[in-house]
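The values are calculated or read from the model by the stated rules, or taken from the named source; none is laboratory data. These numbers come from a predicted model, not from an experiment. Here the Cβ positions follow ideal geometry from the backbone for every residue, glycine too, while neighbour counts run over all protein chains shown.
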Amino acid sequence: MSNNRVTRRQFLNYTLTGVGGFMAAGVLMPMLRFAIDPALQVKAEGDFVQTSTKIADITEEPIKVDFTFEQVDAWYKSDVTEAAWVYKDGDRIIALSPVCKHLGCTVNWNGDSAHPNQFFCACHAGRYEKTGKNIPGTPPLGPLDEYEVSEKDGFLMLGKKIANTLV
Amino acid sequence: MLNKIYDWVDERLDITPIWRDIADHEVPEHVNPAHHFSAFVYCFGGLTFFVTVIQILSGMFLTMYYVPDVENAWKSVYYLQNEVAFGEIVRGMHHWGASLVIVMMFLHTLRVFFTGSYKKPRELNWIVGVLIFCVMLGLGFTGYLLPWDMKALFATKVGLEIAGSVPFLGDLIKILLAGDAEIIGAQTLTRFFAIHVFFLPAALFALLAAHFIMIRRQGISGPL
């Protein structure tokens, strides 16, 4: 036994630590996976939502278009209403998200009389151009998000949010 | 690496005696199953504690999804069991563990009874043990209602009627448990949740601490 580098005490220590660790892992692993589930759930998304705005009514001037969809929040289902700023750029229809890229407040077109023809966020005076491009020197760090746009029977349909393609 | 961190802390705070007090103690021959296999009966107390730890852990994680509200309780339980990864396992641990705690605790009580370990000087520890038994039954009773299904509702109905049959104080006990004289509903559920998750566990921790401090003070009872 003298040339045996693992002593009896060490062997027992390793065995007990291993078995104990295995048991603890067996108890804790399901609970941890259970807890981090929201970060790993795959969400189906990207369905276009019907709005009540006619394509023909959209002009060069941004208008606020409300749209309602069914939101599934775990065990709670509800109808949620969100909005988009919609205007025509030539023949193309642009729909911008009103969520400020600074800290998530809601922006308004012509919201500040001192800066006409801009999107304005009242929380920290963030400003954007008509394309959604953030104006340097104001708090936002990026341009407003854009909605995918489609048409059905003459009415506007909005899809999922994407990064701004105009800027 | 770990050893170095331990030494660094130990040098400053002298923590070795603290855990030595907790972990280093003699296991007498008559309670060691390696010497006499029948000594496994001395394991039931430890097993009760082990299952209790699992109950506490799984319960903590279950409250990440559970809502104690008549509209949403059942839906949230359904969601966590069927939509969340390992939900069936975590809820299963809490469900089966609840029964196992009672079984282990009962076997532990039988061992203490038949080895006469409740006799002087350990009478106080027996009394604390009986209180732990009551708290555990209370935890089982209040936890039973929380999924808010038909079995839960009718079990609670019966339980509240039993509580209501206590002489003189019955009606008062019933209304304090259920939150209403007639209805088993919104207030019953929130009350049972609060009792199950805050009040009884707090009592349990205090009683378990007393139980363990006493057994360490007095040592395990001698051989038969």
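Some notes on this structure:
- Any hit, segment B:125-137, residues being within 14 Å of chain A (Cβ to nearest Cβ) and farther than 23 Å from residue A:24 by Cβ: no
- Selection status of residue B:56, facing another protein chain (nearest Cβ under 7 Å) and over 17 Å from residue B:149 (Cα atoms): no
- Test: residue A:137 is surrounded by 19 or more Cβ atoms within 10 Å (Cβ to Cβ), part of a loop (DSSP other than H, G, I, E, B) and in the same structural domain as residue A:97 (by TED's automatic domain parsing): no
- Test for residue A:57: is it of a type in the set (D, E, K, R) and touching a strand residue (DSSP E or B) at 6+ places or on another chain (Cβ under 9 Å): yes
To keep it simple, each residue is scored yes or no on (1) basic (Lys, Arg); (2) assigned to a loop (DSSP other than H, G, I, E, B).
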position	(1), (2)
A:116	no, yes
A:149	no, no
A:156	no, no
A:160	yes, no
A:164	no, yes
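- Odd one out for residue A:82, checked against (1) within 14 Å of chain B (Cβ to nearest Cβ); (2) farther than 19 Å from residue B:87 by Cα: (1)
- Selection status of residue B:5, surrounded by fewer than 15 Cβ atoms within 10 Å (Cβ to Cβ), at pLDDT below 95 and over 21 Å from the mean Cα position of the chain (by Cα): no
- Residue, surrounded by the most Cβ atoms within 10 Å (Cβ to Cβ), within segment B:127-164, restricted to residues that are part of a helix (DSSP H, G or I) and touching a Pro at 6+ places or on another chain (Cβ under 9 Å): B:139
- Of all the residues in segment A:82-92, those that are more than 10 Å from residue A:147 (Cα to Cα) and aliphatic (A, V, I, L, M) number 1.
- Cross-chain or 6+ apart pairs with Cβ under 8 Å, segment A:112-128 first and acidic (Asp, Glu), then surrounded by 14 or more Cβ atoms within 10 Å (Cβ to Cβ) and part of a loop (DSSP other than H, G, I, E, B): A:112/A:118; A:112/A:125
- Pairs are defined by a Cβ separation below 6 Å, a sequence spacing of at least 6 or placement on different chains, a first member in segment B:91-105 that is free of Cβ contacts under 8 Å to residues at least 24 places away in the same chain and more than 13 Å from every other protein chain (Cβ to nearest Cβ), and a second member that is in a helix (DSSP H, G or I) and hydrophobic (A, V, I, L, M, F, W, C); no pair meets this definition.
- Pair list, Cβ < 7 Å and 6+ apart or interchain, from segment A:82-94 residues that are in contact (Cβ under 8 Å) with a residue 24 or more places away in the chain to residues that are assigned to a strand (DSSP E or B) and among the basic types (Lys, Arg): A:85/A:64
- Across segment A:63-81, the number of residues qualifying as among the β-branched types (Val, Ile, Thr) and touching a residue at least 60 places away in the same chain (Cβ under 8 Å) comes to 1.
- Odd one out for residue A:7, checked against (1) more than 14 Å from every other protein chain (Cβ to nearest Cβ); (2) under 24 Å from residue B:84 (Cβ atoms): (2)
- Residues in segment B:30-53 that are under 24 Å from residue B:92 (Cα atoms), of a type in the set (Val, Ile, Thr) and either free of Cβ contacts under 8 Å to residues at least 12 places away in the same chain or away from chain A (no Cβ under 14 Å) (or both): B:48, B:53.
- Here residue B:171 clears all of (1) out of contact with any Lys or Arg (no Cβ under 9 Å at 6 or more places or on another chain); (2) within 13 Å of chain A (Cβ to nearest Cβ) except the condition numbered (2).
- Number of positions in segment A:50-79 that are within 14 Å of another protein chain (Cβ to nearest Cβ) and not basic (Lys, Arg): 6
- Residue in segment A:19-34 that is assigned to a loop (DSSP other than H, G, I, E, B), without any contact (Cβ under 8 Å) to a residue 60 or more places away in the chain and among the small types (Gly, Ala, Ser) present: no
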